[in-house]
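Below is one structure, written out as structure tokens; the observations come after it.
The values are calculated or read from the model by the stated rules, or taken from the named source; none is laboratory data. Computed from a predicted structure; not experimentally measured. Glycine gets a Cβ as well: all are built from the backbone with ideal geometry, and neighbour counts include every protein chain shown.
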Amino acid sequence: MLKKMPKVKIIGGGLAGCEASYQLAKRGFMVELYEMKPTKFSPAHSRNELAEIVCSNSFKSTLLSTASGALKAELEILDCLLLKIANTVSVKAGSALAVDRTLFGKAVEEELKKFDNIKIIRQEVEDIDFSQPTIIATGPLTSDKMATAISKIAKDKFSFYDASAPIVEAESINTDKTFTTSRYQKGDSDYINCPMDKDTYYSFVNELVNAKKATLHEFEKADIFEGCMPIEVMASRGVDTLRFGPLRPVGLLDNDGKRPFAVVQLRRENSAGDLYNLVGFQTNLTYGEQKRVFSMIPALENAEFVKYGVMHANTFINSPKLLDSNFNMKEHENIYFAGQITGVEGYVESIMSGLIAGVAMARKLNGKSKIQFNNLTIIGALCNYISTENENFQPMNANFGILEPLDEIIKDKQKRKEEYAKRAILNTKKLKEMYFDGI
Ligand SMILES: Cc1cc2nc3c(=O)[nH]c(=O)nc-3n(C[C@H](O)[C@H](O)[C@H](O)COP(=O)(O)OP(=O)(O)OC[C@H]3O[C@@H](n4cnc5c(N)ncnc54)[C@H](O)[C@@H]3O)c2cc1C
């Protein structure tokens, strides 16, 4: 028998919205799930089903030695519907989980339709009703009207284009080849400098301009190129362009007091100093090409890329200012956000935030406390990441760099990562007992 419970409105029947609907419905709440398709499609969506996979069909690795594998293991413990479905419609992809996108969307919709307490309404939502418990999961390509409504509460920043540079793990940088003096020896030496000699620079530029690019949608071309130039486009303007741009060596002296031919600078990405981004390397190269070409940079030959550069339309709010770690607005207690719009990056990460927002909403409506996350799980660390003060807030995907360091030092990288995953799984089980069961 269903309890008489408040109605929850979920806006957006994508990955996050569908997972949030399931989490609330299975806990007995009435859910109204609004999806604007097929009346209206974002420029990247084209199918009628819910939970559409817009681009690659890969949900990334399942290996526990990877952060995306660990995240999947955590989500499995918390009864994640979309991940369960992904496993049933998977296609062969080595150690990655890849799905048949048509079967996936259909299966998600069928599962949600089994619930009497989920009403799927095919209609665009144009405004936010602050009096009703609501989860906004309209994605990185939120409709214009909803984007206008959100921008009224989004404070100073509401990004439309994500033009971000790759991020690497600090410990994977070969510091034997770097130096850290600041330009003109002014200020602190916050950057790691990767010097290039003439030959290395010219072969790097050659590979860069000839590397394979990801396809841009028509709607993305104009705005992206106006606002922010990809490094490969800049390089194609002339072999020396980068040496007078982001790779300029002027004012930088290496450990022998000499000025290198060119310098790639790495800038701290987080206060812990375990992640660095490649300065000026916004790029539209495919992920595989980024790994290949950027590994030519001295000191980055074995770099672990925790995030590749992306350039696509990507609406995300300034979550650290607006949301708490439960995806709940600080200033509007009925309103939650979920999915890529919150600044988590990727399919599985978006599903994760839908799961947490759904459970957090259920807890709130049942008068229970907020979920307290630590950084021992990927889920917790991502929830803390999106809600922690950060001047340069950019979307983040699952990675081990955001976790609390292990108590013991494990030199073997593979073993260390497995240890992170083992600890994460153990702590997810604790989270489940404390916050997810019995509500
Ligand atoms: C072009 C592009 C390519 C990407 N490629 C990848 C990739 O290859 N791998 C990866 O891991 N991640 C990728 N991402 C990032 C992200 O993982 C996906 O966008 C993911 O689908 C986000 O899930 P979501 O639930 O937040 O949003 P979505 O899955 O986009 O769901 C949002 C839903 O809300 C609906 N909607 C929007 N506005 C309204 C409204 N006002 N009223 C009602 N419904 C509305 C939309 O129609 C959509 O169905 C990509 C993003 C973009 C933009």
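Within region 75-114, the residues that satisfy the criterion of being within 15 Å of Gly17 (Cα to Cα) and in contact (Cβ under 8 Å) with a residue 60 or more places away in the chain are Cys80, Leu81, Leu82, Leu83, Val108, Glu109, Glu111, Leu112. Hey, any hits in region 126-141 for a residue that's assigned to a helix (DSSP H, G or I), under 25 Å from the mean Cα position of the chain (by Cα) and surrounded by 16 or more Cβ atoms within 10 Å (Cβ to Cβ)? No, region 126-141 contains no residue that is assigned to a helix (DSSP H, G or I), under 25 Å from the mean Cα position of the chain (by Cα) and surrounded by 16 or more Cβ atoms within 10 Å (Cβ to Cβ). Looking only at residues in region 1-22 that are under 23 Å from Asp437 (Cβ atoms), hydrophobic (A, V, I, L, M, F, W, C) and touching a residue at least 40 places away in the same chain (Cβ under 8 Å), the one that is surrounded by the most Cβ atoms within 10 Å (Cβ to Cβ) is Ala16.
Checked against (1) modelled with pLDDT under 95; (2) among the aromatic types (Phe, Trp, Tyr); (3) under 18 Å from Ile77 (Cα atoms), Phe393 passes all but condition (3). On the stretch given as region 335-380, residues that are assigned to a helix (DSSP H, G or I) and either touching a strand residue (DSSP E or B) at 6+ places or on another chain (Cβ under 6 Å) or under 20 Å from Leu82 (Cβ atoms) (or both) total 22. Answer yes or no: is there a residue in region 308-324 that is of a type in the set (A, V, I, L, M, F, W, C), outside any loop (DSSP other than H, G, I, E, B), within 13 Å of the ligand (Cβ to nearest atom) and modelled with pLDDT of 95 or more. Checked against the condition, which is being of a type in the set (A, V, I, L, M, F, W, C), outside any loop (DSSP other than H, G, I, E, B), within 13 Å of the ligand (Cβ to nearest atom) and modelled with pLDDT of 95 or more, region 308-324 yields no hits at all. Here region 254-263 is the region considered, the condition is being within 10 Å of Thr178 (Cα to Cα) and surrounded by 15 or more Cβ atoms within 10 Å (Cβ to Cβ), and the residue that is modelled with the lowest pLDDT is Asp254. Taken over region 101-137, the criterion of being modelled with pLDDT of 95 or more, of a type in the set (S, T, N, Q) and over 20 Å from Glu333 (Cβ atoms) is satisfied by Asn117, Gln123. For region 23-54, the set of residues classified as part of a loop (DSSP other than H, G, I, E, B), buried (at least 16 other Cβ atoms within 10 Å of the Cβ), near the ligand (Cβ under 10 Å from one of its atoms) and not aliphatic (A, V, I, L, M) consists of Lys37, Ser42, His45, Arg47, Glu49, Glu52, listed by residue number. Among the residues of region 381-398, is any of a type in the set (Val, Ile, Thr) and farther than 23 Å from Ser151 by Cα? Taking every residue of region 381-398 in turn, none turns out to be of a type in the set (Val, Ile, Thr) and farther than 23 Å from Ser151 by Cα.
Yes/no matrix, rows are residues, columns are (1) away from the ligand (no atom under 11 Å from the Cβ); (2) on the phi > 0 side of the Ramachandran plot; (3) part of a loop (DSSP other than H, G, I, E, B):
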{"position": "Ala93", "(1), (2), (3)": "yes, no, yes"}
{"position": "Thr102", "(1), (2), (3)": "yes, no, no"}
{"position": "Lys145", "(1), (2), (3)": "no, no, no"}
{"position": "Lys152", "(1), (2), (3)": "yes, no, no"}
{"position": "Lys155", "(1), (2), (3)": "yes, yes, yes"}
{"position": "Val168", "(1), (2), (3)": "yes, no, no"}
{"position": "Glu171", "(1), (2), (3)": "yes, no, no"}
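Does region 361-375 contain at least one residue that is under 20 Å from Lys307 (Cα atoms) and either away from the ligand (no atom under 16 Å from the Cβ) or in contact with a His (Cβ under 6 Å, 6 or more places away or on another chain) (or both)? There is at least one residue in region 361-375 that is under 20 Å from Lys307 (Cα atoms) and either away from the ligand (no atom under 16 Å from the Cβ) or in contact with a His (Cβ under 6 Å, 6 or more places away or on another chain) (or both). The lone criterion from (1) free of Cβ contacts under 8 Å to residues at least 12 places away in the same chain; (2) closer than 28 Å to Ser65 by Cβ left unmet by Gly438 is number (2). Kindly check whether there is at least one residue in region 341-362 that is under 28 Å from Ser58 (Cα atoms) and touching a Pro at 6+ places or on another chain (Cβ under 6 Å). Within region 341-362, one or more residues are under 28 Å from Ser58 (Cα atoms) and touching a Pro at 6+ places or on another chain (Cβ under 6 Å). The set of residues in region 1-13 that are more than 9 Å from the ligand (Cβ to nearest atom), in contact with a Gly (Cβ under 9 Å, 6 or more places away or on another chain) and part of a strand (DSSP E or B) comprises Val8, Ile10.
For Arg122, are the conditions met, namely being farther than 26 Å from Phe305 by Cα and either free of Cβ contacts under 8 Å to residues at least 12 places away in the same chain or under 25 Å from the mean Cα position of the chain (by Cα) (or both)? Criteria not met by Arg122. Does Glu111 qualify as being among the acidic types (Asp, Glu), surrounded by 14 or more Cβ atoms within 10 Å (Cβ to Cβ) and within 13 Å of the ligand (Cβ to nearest atom)? It is false that Glu111 is among the acidic types (Asp, Glu), surrounded by 14 or more Cβ atoms within 10 Å (Cβ to Cβ) and within 13 Å of the ligand (Cβ to nearest atom).
Selection over region 60-91 of residues that are closer than 19 Å to Lys415 by Cα and either not assigned by TED's automatic domain parsing to the domain that holds Leu355 or not in a helix (DSSP H, G or I) (or both) gives a count of 6. Within the set Ala70, Ala16, Ala20, the sole residue that is away from the ligand (no atom under 11 Å from the Cβ) and at pLDDT 95 or above turns out to be Ala70.
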